[in-house]
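Read through the structure below, which is laid out as structure tokens, and then see the notes.
The values are calculated or read from the model by the stated rules, or taken from the named source; none is laboratory data. Keep in mind that what you see is a predicted model, and the values were worked out from it rather than measured. Here Cβ is always computed from backbone atoms with ideal geometry, including for glycine, and neighbour counts include all displayed protein chains. When the accessible area is computed, the model is the full protein with side chains, heavy atoms only, and any ligands, DNA or RNA have been set aside. Shrake-Rupley method; radii C 1.70, N 1.55, O 1.52, S 1.80 Å.
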Amino acid sequence: MPLAGNHLFPDLTVSASGERGDNFAHSFSKHKKRLGLPDAITFHSFRHTVFTKLRNQEAHIRKLWIDTVLGNEASHKSQGTMNYTSGIEVANLKQVIEALTYPPECIMPF
């Protein structure tokens, strides 16, 4: 699927402060309250959960691939990583996404 205007989610609107994710963050907070989740749980909390879940998967999923999927800067910056990694195959990123599984009762409609 091609990206429109170089954005993964081109339908995200720009807020008054000029940020593309602000309106989504606001909607997420409202949804979280409707579900009865405590204020201590943030959108970033879910990123931590996903990262931990992926790191506990089979060893063939590399941390660099997880960092790429989650939009994190690679924490392990070896000379090889910095000098020779020009891109990660989409098939490898697909493996990361497909490794995320949750029981149906944990998935709620947004």
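Residues in region 50-66 that are at pLDDT 80 or above and exposed (fewer than 12 other Cβ atoms within 10 Å of the Cβ): 4 in all. Residues in region 12-46 that are in contact (Cβ under 8 Å) with a residue 24 or more places away in the chain and surrounded by 12 or more Cβ atoms within 10 Å (Cβ to Cβ): 1 in all. Considered as a group, the residues in region 95-110 that are open to solvent by less than 90 Å² (accessible area, probe 1.4 Å) and modelled with pLDDT under 85 include one that is farthest from ARG62 (Cα to Cα), and that residue is CYS106.
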